[in-house]
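Visitor: Take a look at this one; I'll ask things after.
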């Protein structure tokens, strides 16, 4: 086989096989008979065998042609059904109103929060156009209030009238200091007693749990 026949050539072959007459097949397809005859001959060259026997008054299928026509008829029927489904699916998607959602988050929130939001959008809301913005907490709250973003993720506590804070998880933060020696102290600095620090192998650690919250 020198080439794979085009769908148009296969359709021409089917038309001739059904009519067993090139002129009638050409009229049904609304094409010129010489063009139809040329495409059918090209298809035979593509597949490497004769599909039709021809003389001046008679057209018939060869044995190989009968088997070939039977197969391509089924192939084109499946193709038509698959194409119809593809068109219906595309039309259904095109009719859907694209939804857009912008979520702002603190520059200090972990990448895990971004990954969770993007994964949720991918698996649960595939048609949602999700956009993430990084904003400091004060700007984040103002952006929600002014409806520049739909929601935000930052750390508690949040004290802002008109907004609702929803806990969505917790993260552990810690302060690490040398195991030996004193912490720097002055009147301007808050005094931190080493007795309030948790001893660790590499040093003294003070841990604090923060709660990321969704603000809307």
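What follows is calculated from the coordinates using simple rules that are stated; it is not laboratory data. Model, not experiment: these values are computed from the prediction. Cβ atoms come from the backbone with ideal geometry, glycine included; neighbour counts cover every protein chain shown.
Visitor: Got a sec? How would 57, 115, 150, 105 order by Cβ neighbour count within 10 Å, fewest to most?
Guide: Final ranking by Cβ density, sparse to dense: 57, 115, 150, 105.
Visitor: If you don't mind, another one. With N residues in the stretch 3-55, what two-decimal value do you get for its Cα radius of gyration over 2.2 N^0.38 Å?
Guide: Here the Cα radius of gyration is 1.01 times the empirical estimate.
Visitor: Taking the number of other C-beta atoms within 10 Å as the exposure measure, put 155, 52 in order starting with the fewest.
Guide: 155, 52
Visitor: Using R₀ = 41 Å, calculate the FRET efficiency as 1/(1 + (r/R₀)^6) where r is the Cβ-Cβ separation of residue 161 and residue 91; round to 0.05. Walk me through the intermediate numbers first.
Guide: On the way: r = 46 Å, r/R0 = 1.13.
In this case the efficiency is close to 0.30.
Visitor: How many percent of the alpha carbon pairs in the stretch 1-151 exceed a separation of 24 Å?
Guide: 58
Visitor: Compute the Kirkwood hydrodynamic radius of the stretch 7-94, taking the inverse of the mean of 1/r over all pairs of distinct Cα atoms, and give it in Å to one decimal.
Guide: Hydrodynamic radius (Kirkwood, Cα pairs) of the stretch 7-94 is 14.0 Å.
Visitor: Based only on other Cβ atoms within 10 Å, what is the fewest-to-most ordering of 123, 164?
Guide: 123, 164
Visitor: Compute the Kirkwood hydrodynamic radius of the stretch 85-125, taking the inverse of the mean of 1/r over all pairs of distinct Cα atoms, and give it in Å to one decimal.
Guide: So the Kirkwood estimate lands at 12.8 Å.
Visitor: Something else now. Can you list, largest first and rounded to whole Å, the semi-axes you get for the stretch 93-159 by taking the square root of 5 times each eigenvalue of its Cα gyration tensor?
Guide: 24, 15, 8
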